[in-house]
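Undergrad: Have a look at this one.
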Number of protein chains: 2
Amino acid sequence: MAEFKYEITQELGVISEGKYNIELNMVSWNDREPKYDIRSWAPDHSRMGKGISLTEEEMERLVELWNTRNEEDSFEE
Amino acid sequence: MAEFKYEITQELGVISEGKYNIELNMVSWNDREPKYDIRSWAPDHSRMGKGISLTEEEMERLVELWNTRNEEDSFEE
């Protein structure tokens with residue numbers, strides 16, 4: 001697997017707890033600009049699980065989709 | 001890799017477009033109850049990328065963390 005560097009630059013909170021916790025953090029990958037990162041982690045952050053990194057705009061769009069998820073599309077965009 | 005079945009039971013929208021699109025969908029894994037799924041996909045859904053599945057409660061918690069991300073913790077829970 002390709003070598004990569006990451007740094008949790010800001011912990012925003014635990015989404016759910018378990019053997020692994022699902023968390024929202026700001027993570028910088030390979031010294032790049034930090035992105036919002038939704039991912040499962042070992043509680044001590046020693047191991048990471050699957051997840052996804054999103055930009056500010058992508059997070060805003062995700063929240064918009066969530067807030068309108070029950071609305072019928074009255075018109076096609 | 002372990003064999004698994006999935007079905008996109010509801011398409012909730014595209015978060016961002018690219019070679020792969022990041023999307024919010026409801027996905028049922030191995031015939032289980034569908035979960036909210038934030039993931040990159042080939043535009044024709046022929047291939048899936050990395051992502052994460054969240055329950056309704058986990059999505060609500062994620063949105064709550066997002067909405068309060070700039071608030072200083074006035075007190076430790």
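Undergrad: May I ask for the accessible area buried between chains B and A, both sides summed, probe 1.4 Å, to the nearest 100 Å²?
TA: Interface between B and A: roughly 2300 Å².
Undergrad: Additional query: Given a cut-off of under 8 Å on Cα pairs at least six residues apart, what relative contact order in percent is computed for chain A?
TA: 20 percent.
Undergrad: While we're on this one: Only residues of segment B:28-53 count here: report those whose backbone N is under 19 Å from the spot 7 Å along Cα→Cβ of B:Val63, or say none.
TA: B:34-39, B:52-53
Undergrad: Could I ask something else about it? Ignoring ligands, DNA and RNA, what percent of the accessible area of segment A:1-71 is carbon or sulfur (1.4 Å)?
TA: 45 percent
Undergrad: Now, a different point. Taking every pair of Cα atoms in segment B:6-76, average 1/r, invert it to obtain the Kirkwood radius, and report Rg/Rh to two decimals.
TA: 1.08
Undergrad: Trypsin sites (Lys or Arg not before Pro) within segment B:1-55: which are DSSP loop residues with at most 15 other Cβ atoms inside 10 Å?
TA: For trypsin sites (Lys or Arg not before Pro) across segment B:1-55 that sit outside H, G, I, E and B with at most 15 neighbouring Cβ atoms in 10 Å, the list reads B:Lys5, B:Lys19, B:Arg32, B:Arg47.
Undergrad: Kindly provide the helix-only [θ] at 222 nm of the protein assembly as shown, computed as the sum of -39,500 (n - 2.57) over DSSP H runs of four or more divided by all residues, to the nearest 500 deg cm²/dmol?
TA: -5000 deg cm²/dmol
Undergrad: Next up: Would you calculate the separation in nanometres between label points at A:Lys19 and B:Arg32, each defined as 7 Å from the Cα along the Cα-to-beta-carbon direction?
TA: 1.2 nm
Undergrad: List, shortest first and in nm to one decimal, how far the label point of A:Asp44 (7 Å from Cα along Cα→Cβ) is from its counterparts in the other copies.
TA: 4.8
Undergrad: Relative to the longest principal axis of chain B, what angle (0 to 90°, nearest 10) does the C-alpha long axis of helix B:56-67 take?
TA: 50 degrees
Undergrad: Label-to-label distances across copies for B:Thr9, with labels 7 Å out along Cα→Cβ, in nm, shortest first?
TA: 3.8
Undergrad: Cα-based Rg (one decimal) and Dmax (whole number) for segment B:30-69, in Å?
TA: Radius of gyration, then largest Cα-Cα span, for segment B:30-69: 12.7, 37 Å.
Undergrad: Using a label point 7 Å beyond Cα on the Cα-Cβ vector, give me the inter-copy distances for A:Glu57 in nanometres, one decimal, shortest first.
TA: 3.6
Undergrad: Let me ask you something else. Over the Cα atoms of the protein assembly as shown, what Rg and Dmax result, in angstrom?
TA: 15.9, 47
Undergrad: Okay, next question. Mind checking the dipole of chain B: about its Cα centre, +1 per Lys or Arg Cβ, -1 per Asp or Glu Cβ, Debye to the nearest 20?
TA: The calculated dipole for chain B is roughly 640 debye.
The values are calculated or read from the model by the stated rules, or taken from the named source; none is laboratory data. Every value quoted in this text rests on a predicted model; they were computed, and no experiment measured them. Glycine gets a Cβ as well: all are built from the backbone with ideal geometry, and neighbour counts include every protein chain shown. Side chains included, ligands, DNA and RNA excluded: accessible areas come from the protein's heavy atoms. Shrake-Rupley method; radii C 1.70, N 1.55, O 1.52, S 1.80 Å.
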